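Structure first, commentary second.
The values are calculated or read from the model by the stated rules, or taken from the named source; none is laboratory data. Everything numeric in this text was worked out from a predicted model, so none of it was measured. Reconstructed Cβ throughout: ideal geometry from the backbone, glycine too, with neighbour counts over all protein chains shown. The protein model used for the area step is the full one, side chains on, heavy atoms only, and it has no ligands, DNA or RNA in it. Shrake-Rupley method; radii C 1.70, N 1.55, O 1.52, S 1.80 Å.
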Amino acid sequence: MNAPYPCTARAPMTAAEKVLAAASGVPYVRPGDVISPDPELVIIHDGYVESAYNELSQLGYKRIWRPERVVFVTDHEVAYASPAGALRGTRIRRIARDWGITQFFDAGRGGHGHLFPLEQGLVRPGMLLSCYDMHCTNFGAVGALALAAGAEIVSVLATGRVWEQVPHTVRIVLEGQPGAGVMARDIGFYLSTLFAAGKLAAAHDNRIIEFSGDYVERLPVAGRVALCNSLTEIGVANIWFTPSSSDLSHGGTIVTGDADAHYEATLHVDISRLAPQVALPGGPQFGVDVDQVTGTHVDHAYLGACGSGMYDDFADAAAVLRNRSVASHVRFFVVPGTVATAQRLANDGLLQVFQAAGAIVLPPGCGPCAGGVMGPLADGETSISTAATNHAGRFGSKTAQAYLGSPVTVAASAIAGRIADSRSLIPLPKGTQ
């Protein structure tokens, strides 16, 4: 561990602490401080809009604070599978009108709420956001900080802000370059497993994890998103990447930490000898080398969700799938993360690669990861996917078994009809992302 935070006239801060200080209108913050930051944007998905509206209505609120800063996203139930789902969509549209929500991305209008705001520039480097869902940590991929308010998002809607406590920051320096077939998602499973098992000399719970190192500096946004997402489920507060100048295409500010900023710990992790990983049923923190589960029968495969739903993820999987077919007993669901990604895949011919192989392409959004609303598992079935997590019942049946892998591992497994190492199908270039 590093030395205690120094008491000096000048208060050195990490990048995330600078964002929190600026949003709170104070010159500096330190871990443990209680602040009340003012978010530039508030994002809520379709799974919580009705609950928030009903709660505020019962308290007498007929309008919300700064509706121009609020974004509604329909991404969980984008193709209504029941009359109840269709009715819910109707109510959400009415709530959007009642509250004056002008930034409403209904089904077919944006896609996954943790992805399309990055593509469209709604989320920009240096921003502070408040969101309902914990996977808003994705926005750390471009140097923005999104606070997961959970049920307290109703307080943000009513008053504009909520109290927060400044977390400690742990810096992870990734050293070396990954070998063939190892993607950022594999590194995320590996780190989650080490943290959860207490094998790293730092705590992770309610910490901001800041990534650095040569590998990180060359990592595209899709890879950064995969790392953000894979660590979220173990209870980190947030993830931070220092963005590059290319991340400023929609504006924003690159915020960097002070050279003498305090970190609770700095960890150096060698990824040069890492094998492709598979997370066993139960969560991303149960990662093992792929060869430990190779040959496990699968009935269901799924590519997409908020951790692996960007264009690069599908391009990598398509390279494995091209001129091959999905095993006859496997249902392989492909879910582009955003409308823009789906259009690009179609224009580039990659959607045709998936369809020619026998995959089922679903509308942009969460896909099966949203509680199995689409493409669910039956009792006793086994799945491998790029979903955000894989606890019991995540895709429907509580007796089904769900494994997690990288996009190339999922594609290889869909072809083989069993969990497979992508390196056995195609020699991927070293350092493939």
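Rolling a 1.4 Å probe over the protein heavy atoms gives the chain an accessible area of 38 Å² per residue.
A Förster distance of 22 Å, applied to the separation of the beta-carbon atoms of Glu40 and Gln165, puts the FRET efficiency at 0.60. Computed over the chain, relative contact order equals 19 percent, with contacts defined as Cα pairs under 8 Å that lie 6+ residues apart. Taking 14 Å as the cut-off, the amide N atoms of segment 260-289 that come nearer than this to a point 7 Å along the Cα-to-beta-carbon line of Ala203 belong to 264-265. Within the accessible area of segment 244-289, the carbon and sulfur atoms contribute 49%, probe 1.4 Å, all protein chains present. Electrostatic bookkeeping for Arg224 treats Lys and Arg as +1 and Asp and Glu as -1; over the other residues with beta carbon under 14 Å from its beta carbon, the sum is -4. The slack in the chain from Arg322 to Asn54, taken as 0.36 nm per residue of separation less the alpha-carbon distance, amounts to 91.6 nm.
Measuring r between the beta carbons of Arg30 and Tyr80 and using R0 = 41 Å, the FRET efficiency lands at 0.30.
Here the dipole of the chain is about 660 debye; that uses its Cα centre as origin and unit charges on the Cβ of Lys and Arg (positive) and Asp and Glu (negative).
Structural descriptor for segment 6-62: relative contact order 21 percent, calculated from alpha carbon pairs under 8 angstrom and at least 6 residues apart. A straight line joining the Cα centroids of segment 52-130 and segment 264-291 runs 35 Å. Using a Gaussian network model of the chain whose springs link C-alpha atoms within less than 10 Å, name the residue from Ala400, Ala342, Ala420 with the highest mean-square fluctuation. Highest fluctuation among the options: Ala400. First select every other residue whose beta carbon is under 14 angstrom from the beta carbon of Thr399; then total the charges, Lys and Arg +1, Asp and Glu -1. Its environment carries a net charge of -1. Subtracting the Cα-Cα distance of Arg218 and Glu152 from 0.36 nm times their residue separation leaves 20.1 nm of extension gain.
Charge dipole (Cα centre; +1 on Lys/Arg Cβ, -1 on Asp/Glu Cβ; no other charges) of segment 111-191 amounts to roughly 140 debye.
A straight line joining the Cα centroids of segment 231-250 and segment 354-386 runs 27 Å.
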